[in-house]
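Have a look at the structure below, then the notes.
The values are calculated or read from the model by the stated rules, or taken from the named source; none is laboratory data. Keep in mind it's a predicted model, so treat the numbers as computed, not measured. FYI the Cβ positions are ideal-geometry reconstructions off the backbone, even for glycines, and counts take in every protein chain you see. Quick note on the areas: whole protein, heavy atoms, side chains included, nothing else; ligands and nucleic acids left out. Shrake-Rupley method; radii C 1.70, N 1.55, O 1.52, S 1.80 Å.
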Amino acid sequence: MRKRDATTTARAALQAVRAPLSAGLVLLACGISVPANAVIITVSDSASTSNYALSLQVGAAAGVDTVQFNVTGNNVGLTPAAVTGSPAIDISVTPIRPVSTSSTARPVTLRVDSSAGLSCQSGGCGATIIPFSKISWTASNTSGAGAGDIQSGQFTGAANQQLASFNANATYCSFPLIIFCLGWTYQSNTMVATRLTFSYANDTIYPAGTYLGTVYFTASME
């Protein structure tokens, strides 16, 4: 049997704005196909007609989601504190594979690339870059670490940071008898709208200006 591999990528742009009295940090979740934030890829096994599919959705199914961090007053620099953004962003990963005669594992992995950082766009901040490691998140509506779902954490600035890993859902014959099957077992393994609430550390004073960066979420199934 051939090994199937499917990979799909969605991206999120992060924009930061700092001013002497107030600042904002904006997370833009946008996709690269229709629907806007969902990317679906189907891989066919050349030895059969079976199709494997993998769906990745970051944020809403259409439009652009914006998370705003308002850095104002003392948070600008006198007594800075972490700032929580709003709204939260949902991430879903749905693998699809055909009915099988065995429960062979098909690992699904979600990774993120936050290596580029947020670079200055305007406002006099020059060549300053805010690293994505200044952004963290709290995960909710999660199935837990044991199920391979996303846990609370932060961007590391790495190009291949793993966020989640689980076995793809499957329907397989649990009671085979020669060429017949006496019973089927269905396993529903997906990541359904795990919600990430983002926070900006605000522990470094950066020059006033507008900063923009992009993170790429990639889901793969082997």
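Rg and Dmax of segment 151-208 over Cα atoms: what are they, in angstrom?
Looking at segment 151-208, its Cα Rg and Dmax stand at 21.7, 72 Å.
Measure off 7 Å from each Cα along the Cα-to-Cβ vector at LEU182 and ALA145, then give the distance between these two points in nanometres to one decimal.
Going from the LEU182 label point to the ALA145 one covers 4.1 nm.
Sorting TRP184, TRP137 by accessible area (1.4 Å probe), largest first, what list results? The partial results should precede the final answer.
Working: TRP184 140, TRP137 15 Å².
Descending accessible area places them as TRP184, TRP137.
Would you mind calculating the gained length between SER119 and ILE205 on full extension (0.36 nm times residue separation, minus the Cα-Cα distance), in nm to one decimal?
That works out to 29.5 nm of additional length.
Just to compare against my own numbers: the Cα pair-distance distribution for segment 85-135, 5 Å bins, whole % per bin, please.
Percent of pairs per bin, in order: 4, 11, 14, 14, 15, 11, 8, 8, 7, 4, 3, 2, 0.
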